[in-house]
Amino acid sequence: MKAKIKKYALWLKGQNPKFNEWVIILSYVLIWLYAGTITGIKGSYLLAGSFTLLLIFYLLWLRPKIHRLSWKNFVKAIGLGVLPLIVELIFLLIVMQFNNHLIGNSNTSLIVKLLQKNTIYIAYVVIIAPILEEIVFRKSFFHRIDAWLASWVDNSKWRVGISAFIVATVFAQMHGA
């Protein structure tokens, strides 16, 4: 009996990478779909809270693998993540100077409203959402699509390109682009 419990606990803890990927993808989609039924600021707060809990759950679930990260790689990853944001911000500021108005869609304007009302939301927008989306789209979803295409496409460059195109299309559709 104890052996079965231990086996189930290891399985539940995330020892199977394929299972981890499906759990994170399905959780993300279910949260996105449910929060999408609630409009406005309440829906955004529900989405932010749910995604924060999902990220915490995922990071705690993979805790043994996180131990092996070095501080140097962590700092490098943060820097490489912040650099595109800085470039985008500079670009937007330049464009705003020429156009005298904000660029974006209804999603962007809602995020700006939320940031003005509640500054803690900045942590979600700047840290939590990008990290979770990298885990969902680049790690889990991309890997699952690539594995699925492996039986059909022999050329790894084509397979990676097709996988990247599919993931980018889904990402853009989920963000209203």
Open item on the list: Checking the structure you have, find out if any residue of the range 148-165 is surrounded by 12 or more Cβ atoms within 10 Å (Cβ to Cβ) and touching a residue at least 24 places away in the same chain (Cβ under 8 Å).
Closed with: no
- [ ] State the number of residues belonging to the range 128-166 that are over 22 Å from the mean Cα position of the chain (by Cα), of a type in the set (Gly, Ala, Ser) and assigned to a helix (DSSP H, G or I).
- [x] 1
Task: Residue list for the range 37-61, filter: touching a helix residue (DSSP H, G or I) at 6+ places or on another chain (Cβ under 7 Å) and modelled with pLDDT under 75 - done: Ile41, Trp61
Open item on the list: Among the residues in the range 85-102, are any over 23 Å from Ile41 (Cβ atoms), modelled with pLDDT under 70, under 17 Å from the mean Cα position of the chain (by Cα) and in a helix (DSSP H, G or I)?
Closed with: yes
TODO: Consider only pairs whose beta carbons are under 7 Å apart and that are at least six residues apart or on different chains; among these, list those whose first residue lies in the range 53-79 and is surrounded by 10 or more Cβ atoms within 10 Å (Cβ to Cβ) and whose second residue is modelled with pLDDT under 70.
DONE: Leu59/Ile66; Trp61/Lys13; Trp61/Gly14; Leu62/Gly14
Open item on the list: Just to verify a result, which residue in the range 8-36, among those that are over 20 Å from Arg138 (Cα atoms) and surrounded by 14 or more Cβ atoms within 10 Å (Cβ to Cβ), is modelled with the highest pLDDT?
Closed with: Ala35
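The values are calculated or read from the model by the stated rules, or taken from the named source; none is laboratory data. Please read these numbers as outputs of a predicted model, since none were measured by experiment. Positions of Cβ are backbone-derived with ideal geometry, glycine not excepted, and every protein chain shown enters the neighbour counts.
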